[in-house]
Amino acid sequence: MALTGLDIFKLLPKTNCGECGVPTCMAFAMKLAAKNAELAACPYASDEAKAKIGAASKPPMRLVKIGPADCEVAVGNETVMFRHEKTFVHPTAFAVSFSDGQSAEELAHLTADVREYCLERVGEELRLELALVENTTGEVAPFVAAVKAVASGTGRGVILQSSNPAALEAALQALEGQRPLIHAATPENVDALAALALKYKAPLAARANSLDALAALTARLAELGVQDIVLDLSAGNVAATLQMNTVARKAALKNSFEPMGYPVLNFVTGQRLPDLVADAATLICKYANILVVDSLAYQALLPMMMLRQNIYTDPQKPIQVEPKVYPIGEADENSPVLVTTNFSLTYFIVSGEVENSGVPAHLVIVECEGMSVLTAWAAGKFSGEKIAAFIKSSGLEQQVKTRRLIIPGYVAQISGELEESLSGWEIVVGPQEASDLASFMKMQVAAVA
Ligand code: SF4
């Protein structure tokens, strides 16, 4: 049963020591009630508090880990229906499907593509996380051979999909210790697959014809001792899948209905590319924790990767880069110096345009809590005084002879204040748009020469 903030407060030490990161026990109790904190943050909680609050603050959706330690994928543990309420936590894992009917050459070629796929965007490397192997032959030996080839070829955690328990057990033996996800327990095979999951300490997907039957199935799995469960909610079409995902998420998060308190797996396979992308986009938004695809086409993966990155970015924390001085190209002591904020998008756009100009430069990135230029200026984080203090503490003045600092055109108004705070420097107002930087940099070089 859910405890209120007051119920929780009664169980806390009430010393208001602040070691949990908030000033009072009451404030901490309110955070616990909202599932925005963990009891472990209070070092003085009694055993009684741990027993009572621990059970009440259990996450409404279990965190399930798949794959070996060096490429483990964690899914679940989500606490909100809508990203703007707080944030989504563990990004949808993309699983590429293979079959034991594919030739060894084909598997070698495609698994290398999965291993090597990497999209770099705003400082993050976006990759494919999982590989699914389907036992289309229904036989043991080809399945085990394909599973081994896919696991070693992709270097990723594996989902084992078979209706043959003997094939699953042989594959689990081949991947001993690698925590593959077993797919899938059904009302018909539940006891046999639960036994495999427990024996090999592997997570287990569950599938049934309706949500009611699935709830009964996961309740049975829990009774048998299986804790790491994934719900396969794939229906015949994306509208039905979306509806089931939403109902399951709401049941887990809003109604604390434990049989639905697990991450969700969806398939978007066997479709034309545009349909695959459209369905994948829908299910990334709501609420696939694992999405199985059967295409490695870049025109499909690119939008999926970008959407996932955007959806799973914490809306309260802009993506930031480390504040410091970044050399661009072969920057030396005579190279121009530019300054901007540590909002990732700003950094990557500005550094890209400067790089494209072919003019080596030093780019000073000031700590602005990840805000863009105008927002940071309006919040007082990108003032002349702050920029000057950052430049003085960065050691830049010892690295360069240049004493010309290019500031973003949108904050031309800080040039006077900056010149006063940074004695000996000439402040040059750059363009407002980053797209004009390349020509501006060339003109700067020509002017200095
Ligand atoms: S650490 Fe524990 S005792 Fe101290 S203020 Fe937080 S909840 Fe209260």
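Note the full-extension length gain between A446 and K201 as 0.36 nm times their separation in residues minus their Cα-Cα distance, in nm to one decimal.
81.5 nm
Shape of the range 133-179 from its Cα gyration tensor (a ≥ b ≥ c, root eigenvalues): rounded if a/c is under 1.5, otherwise prolate when a/b > b/c, or oblate?
Verdict is prolate for the range 133-179.
Could you let me know the centre-to-centre spacing of the range 177-212 and the range 158-175, using Cα atoms, in angstrom?
Comparing the Cα centres of the range 177-212 and the range 158-175, I get a distance of 11 Å.
Can you pull the Kirkwood radius for the chain, inverse mean 1/r over Cα pairs, to one decimal in Å?
Numbers: mean 1/r = 0.0396 Å⁻¹.
Its Kirkwood hydrodynamic radius stands at 25.3 Å.
How charged is the neighbourhood of N334? Take every other residue with its Cβ under 15 Å from the Cβ of N334, and add Lys/Arg as +1 and Asp/Glu as -1. Please report the intermediate quantities before stating the final value.
On the way: positive: K401, R403, R404; negative: E330, D332, E333, E397, E426.
With Lys, Arg at +1 and Asp, Glu at -1, the net is -2.
Between beta-carbons, use under 12 Å as the cut-off and find the net charge around A49, counting Lys and Arg +1, Asp and Glu -1.
That works out to +1.
If r is the Cβ-Cβ distance from T24 to A141 and R0 is 45 Å, what FRET efficiency results, to the nearest 0.05?
Efficiency, rounded to the nearest 0.05: 0.10.
Which of the trypsin sites (Lys or Arg not before Pro) across the range 384-449 are loop residues per DSSP, with 14 or fewer other Cβ within 10 Å?
Qualifying residues, ordered by number: K401, R403.
Treating only the Cβ of Lys, Arg, Asp and Glu as charged (+1, +1, -1, -1), what charge dipole size does the chain show about its Cα centre? Round to the nearest 20 debye.
That gives a dipole near 1280 debye.
What percent does the relative contact order of the chain come to when contacts are Cα pairs within less than 8 Å and at least six residues apart?
Taking the mean separation of contacting Cα pairs over the length of the chain, I get 11 percent.
Considering the dipole of the range 62-125 built from charges on the beta carbon (Lys and Arg +1, Asp and Glu -1) around the Cα centre, which of C71, V89, T111 is farthest to its positive end?
Farthest towards the positive pole: V89.
Put +1 on the Cβ of each Lys and Arg and -1 on the Cβ of each Asp and Glu in the chain; which of I391, P60, H183 then has its Cα farthest toward the positive end of the dipole?
The residue sitting farthest along the positive end of the dipole is P60.
Between E258 and V80, with labels modelled 7 Å along Cα→Cβ, what's the label distance in nm to one decimal, could you check?
2.7 nm
Given contacts defined as C-alpha pairs under 8 Å and at least six residues apart, what's the relative contact order of the range 325-448, whole-number percent?
Relative contact order here is 29 percent.
Give me the net charge of R249's neighbourhood, meaning all other residues with Cβ under 11 Å from the Cβ of R249; Lys, Arg count +1, Asp, Glu -1.
Values: positive: K250, K254, K286; negative: E78.
Residues near R249 contribute +2 overall.
Can you give me the distance in nm between label points at L224 and K286, each placed 7 Å from the Cα along the Cα-to-Cβ direction?
Going by the 7 Å Cα→Cβ label model, 3.3 nm.
Q299 to Y44: FRET efficiency via 1/(1 + (r/R0)^6), r the Cβ-Cβ distance, R0 35 Å, to the nearest 0.05?
On the way: r = 56 Å, r/R0 = 1.60.
Computed FRET efficiency for Q299 and Y44: 0.05.
Roughly how many debye, to the nearest 20, is the charge dipole of the range 23-73 about its Cα centre, given +1 on each Lys and Arg Cβ, -1 on each Asp and Glu Cβ, and no other charges?
220 debye
Charges at C-beta only: +1 for Lys and Arg, -1 for Asp and Glu. How large is the resulting dipole of the range 331-449 about its Cα centre, in Debye rounded to 20? Before the final figure, lay out each step's value.
Working: 7 positive and 14 negative charges, 19 e Å.
Around 100 debye, computed over the range 331-449.
If packing is taken as the average number of other Cβ atoms within 10 Å across a peptide's residues, how do 286-296, 35-45 rank, most packed first? Write down the numbers at each step before the final one.
On the way: 286-296: 22.4, 35-45: 15.3.
My ranking of the peptides, most packed first, is 286-296, 35-45.
Say the dipole of the chain comes from +1 at the beta carbon of Lys and Arg and -1 at that of Asp and Glu; which of T246, V140, V354 then lies farthest toward its positive end?
Value: T246.
With the contact rule set at Cα under 8 Å and sequence spacing of 6 or more, what percent relative contact order holds for the range 88-204? Could you put the intermediate results ahead of the total?
Working: 195 pairs, mean separation 25.9, N = 117.
Computed over the range 88-204, the figure is 22 percent.
Run the numbers for M306 and A278: contour at 0.36 nm per residue of separation, minus the present Cα-Cα distance, in nm.
Numbers: separation 28, 0.36 × 28 = 10.08 nm, distance 1.35 nm.
Once the chain is fully extended between M306 and A278, it gains 8.7 nm.
Output the direction-averaged projected area (hull surface divided by four) of the convex hull of the alpha-carbon atoms of the range 325-448, in nm². Intermediate values should be presented prior to the final figure.
Values: hull surface 25.9 nm².
For the range 325-448, averaging the hull's shadow over all directions gives 6.5 nm².
Report the gain in length on full extension from Q413 to R127: 0.36 nm times residue separation, minus Cα-Cα distance, nm rounded to one decimal.
Extending this stretch completely gives an extra 98.7 nm.
Bear in mind that the values in this text are calculations on the coordinates, not laboratory data. Bear in mind the structure is a predicted one, so any value in this text is a computation, not a measurement. Quick reminder, even Gly has a Cβ in these numbers, built from the backbone with ideal geometry, and neighbours come from all protein chains shown.
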